[in-house]
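Below you'll find the structure, written out as structure tokens, and then a few comments.
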Amino acid sequence: MPHHLNNNKQFMIGNGILAFAVIFVVVIFVYMSMRLQQQKSAERKFIETYTVVLESGFIGDSISLSINDSLILSARITQQPLRIEAPRTAEHSALMVVDHATDLLSVIELDEDGGTYRLEKEGNEVKQIVK
């Protein structure tokens, strides 16, 4: 009694093995691309700096200045103009000014190229001076 090959069964087994090989290669490439992306974002260094100048209206106020989640100043202002420099640490940055007496928050979006931002306070409102 001769042994007959089952061509249909062999074809299905071959396709199954090929499918597992393709899935394995896709998983390897996804893992490699995610790892490369993490290394790329971890290596990113910024050379730009932000300069914040408190021009007028801040004398005697207790304020906090933060860029993104980094506190750069938390003090009572005794002199004007007050100049503070901070490095750029993220792709997109915002300056947050908190007045401790009123707990009012003012947010100023910062440019990606760094620069100088002049601020003044009128009443309870903090404004950017555009020159």
A21 and I129 label points (each 7 Å along its Cα→Cβ direction) are spaced in nm at 7.2
Please state, to two decimals, what the Cα-based radius of gyration of the chain comes to when divided by 2.2 N^0.38 Å (N = residues). 2.10
Can you list the aspartates and glutamates whose alpha carbon sits under 12 Å from that of K45, skipping same-chain ones fewer than 8 residues off? E91
In degrees rounded to 10, the 0-90 angle between helix 7-43 Cα long axis and the longest Cα principal axis of the chain is 20
Counting only C-alpha contacts under 8 Å and six or more residues apart, can you give the relative contact order of region 38-95 as a whole percent? 42
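Counting other Cβ atoms within 10 Å, keep those with at most 12, restrict to DSSP loop, and tell me which GluC sites (Glu not before Pro) in region 45-131 are left. Numbers along the way, then the final one.
On the way: sites: E48, E55, E85, E91, E109, E112, E120, E122, E125; in loops: E48, E91, E112.
Listed in order of number, the matching sites are E91, E112.
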Just rank I63, I129, fewest to most, by other beta-carbon atoms within 10 angstrom. I129, I63
So in the chain, what percent of DSSP beta bridges are antiparallel if you round to the nearest 5? 85
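Of all trypsin sites (Lys or Arg not before Pro) in region 1-103, which ones are in loop regions per DSSP and have a Cβ with at most 16 other Cβ atoms within 10 Å? Before the final figure, lay out each step's value.
Working: sites: K9, R35, K40, R44, K45, R76, R83, R88; in loops: R44, K45, R88.
Filter output for region 1-103: R44, K45.
Could you please tell me the mean projected area of the C-alpha convex hull for region 83-129, averaged over all directions and given in square nanometres to one decimal? Numbers along the way, then the final one.
Numbers: hull surface 14.8 nm².
One quarter of the hull surface, i.e. the mean projection, equals 3.7 nm².
Read-outs throughout are calculated quantities, based only on the coordinates presented, and are distinct from any laboratory measurement. Note that the coordinates shown come from a computational prediction; the quantities given were computed from them, not determined experimentally. Glycine gets a Cβ as well: all are built from the backbone with ideal geometry, and neighbour counts include every protein chain shown.
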